[in-house]
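Just so it is clear, none of the values below were taken in a lab; they were calculated from the coordinates. In this text the structure is predicted, and so the values were computed from the model without any measurement. Cβ atoms come from the backbone with ideal geometry, glycine included; neighbour counts cover every protein chain shown.
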Amino acid sequence: MNRVLAIARKELAHILRDRRSLAVAILMPLAMVMLYGAAIDMELRGLSVGLLDQDRSVASRDFGRALSSSGFVKVVERLEDREQVEPGFRQSRFLAAVVIPRGFAEDMASGPEARLQVLVDASDAATAATADNYLKAVVALVASREAELSSAAPFELRTRVWFNPQLRSPDFVVPGLVALILMMICALLTSIAIAREKESGTLEQILTTPVTPLQVILGKVIPYVALGALDAALILLAGRLVFGVPMAGSWWVLAAYCLLFIFIALAVGLLISSRAGSLRVAMIAAIIVTMLPTMILSGFVFPLSSMPWVLRLLCRIMPPTHFLVIIRGIMLKGRLWFPIETTVLVAAGLLLMTAAVRSFRQDLE
């Protein structure tokens, strides 16, 4: 154990002397959480809409006012005829157009339903889907008000949102950033540090001393566990103070799961460094293996249900997917135990670390 601690002190001194690596380890996670937390916003505010009122009645004018009073929809242009819709889409003056046909007021007064037409610019499919949902919600709200006034509604529907009542994007994004940054930073720093020593030949010099390859591995991993824990604390503190992300569960439970995930990330970095032939290859491999799958295939941004079944199967065996369920469950829902996710993370950590240690020992021997 004394040899392991001696190697750990040596690695810690090297980290403190290398200001560039230390800046990457501390400042980069803070910069990423500030940038991504503010830039990744799932809400669509100020949706620009063109309104074509062919009825020109009191009911149609009331609908136009209700359309823009929600705060999410902004009527930027009132159209005179349908020929103005396509030029407006092509020139990006508005993202959607609402057409109120003639006879709208009569249908509202006499018929069971009044027809409207919504035209959406789908050149950006994600924004088009959000715009369509917002406009449908506004139309449903106006219809419910009219039905309430006419006493024609057989029932009343009220929706209550749990765990994130304001539908704030930071509450969803910042916990995901913890998984993304920890996986990328821990794996990147570990792979770089070990690959650099392999290139310089210092690992061979260490092995001339009475230490075993396993002791070398443990001594080098311990400082990065502490560094990863510091990064996790900084990210969570920034999310709490800057973005107001709530904590409904236990900080101690979250800390335990973060340490488990750091262990997995370090195993990935160790495995990459044992396979990489140079420092540059280790850096590129660490970024490709950690950042892209964590961001795209873990449910961080894109829902897993929208992916093909082959990708969904791949996502289910990836540790970041399960860690995202855990951290969001702790912070937003207050859960304390995740039996399935914990089993997958422990199994993945043991499997990756065993493969990394064997590969690294063979490389050193």
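Mind giving me the FRET efficiency for residue 65 and residue 123? R0 is 30 Å, r the Cβ-Cβ distance, nearest 0.05 is fine.
With a Förster radius of 30 Å, E is 0.55.
Just how many pairs of Lys in the chain have C-alpha atoms closer than 18 Å, counting pairs that are eight or more places apart or on different chains?
Here the count comes out as 4.
Under a Cβ-Cβ cut-off of 12 Å, what is the net charge of the residues other than residue 297 that fall near it, where Lys and Arg count +1 and Asp and Glu count -1?
Local net charge: +2.
Restricting to bridges with both residues inside the chain, how much of the DSSP beta-bridge set is antiparallel, in percent to the nearest 5?
Close to 25 percent.
Going highest first, how would you order 53-66, 259-272, 307-320, 174-187 by mean Cβ packing within 10 Å?
Highest to lowest by the protection proxy: 174-187, 259-272, 53-66, 307-320.
Students often get this wrong, so try it: which of (1) 0.98; (2) 0.96; (3) 1.15 is Rg/Rh (Cα atoms, Kirkwood Rh) as calculated from the structure shown?
Recomputing Rg/Rh (Cα atoms, Kirkwood Rh) here picks out (3).
Where nothing but the Cβ of Lys and Arg (+1) and of Asp and Glu (-1) is charged, how large is the charge dipole of the chain around its Cα centre, in debye to the nearest 20?
Computed about the Cα centre, the dipole is about 1400 debye.
Within the chain, which DSSP H helices have Cα atoms that stretch 20 Å or more along the helix axis and a mean Kyte-Doolittle hydropathy of at least 1.0?
Answer set is 19-39, 169-200, 213-241, 251-275, 279-296.
Excluding residue 175 itself, calculate the net charge of residues whose Cβ lies under 13 Å from the Cβ of residue 175, where each Lys or Arg counts +1 and each Asp or Glu counts -1.
+4
What is the calculated FRET efficiency for residue 90 to residue 140, with r their C-beta to C-beta distance and R₀ = 35 Å, to the nearest 0.05?
0.75
Once both labels are modelled 7 Å past Cα along the beta-carbon direction, what's the residue 164-residue 292 spacing in nm?
Going from the residue 164 label point to the residue 292 one covers 2.6 nm.
What's the FRET efficiency of residue 337 with residue 226 using the Cβ-Cβ distance as r and R₀ = 25 Å, to the nearest 0.05?
About 0.45, to the nearest 0.05.
Provide the packing ranking of 79-87, 290-298, i.e. peptides ordered by the mean count of other C-beta atoms within 10 Å per residue, highest first.
The most tightly packed comes first, giving 290-298, 79-87.
Among 190, 209, which comes first, second and so on when ranked by fewest other beta-carbon atoms within 10 Å?
209, 190
Need one number: nm distance between label points at residue 19 and residue 242, each 7 Å from Cα along Cα→Cβ, rounded to one decimal.
Going by the 7 Å Cα→Cβ label model, 2.3 nm.
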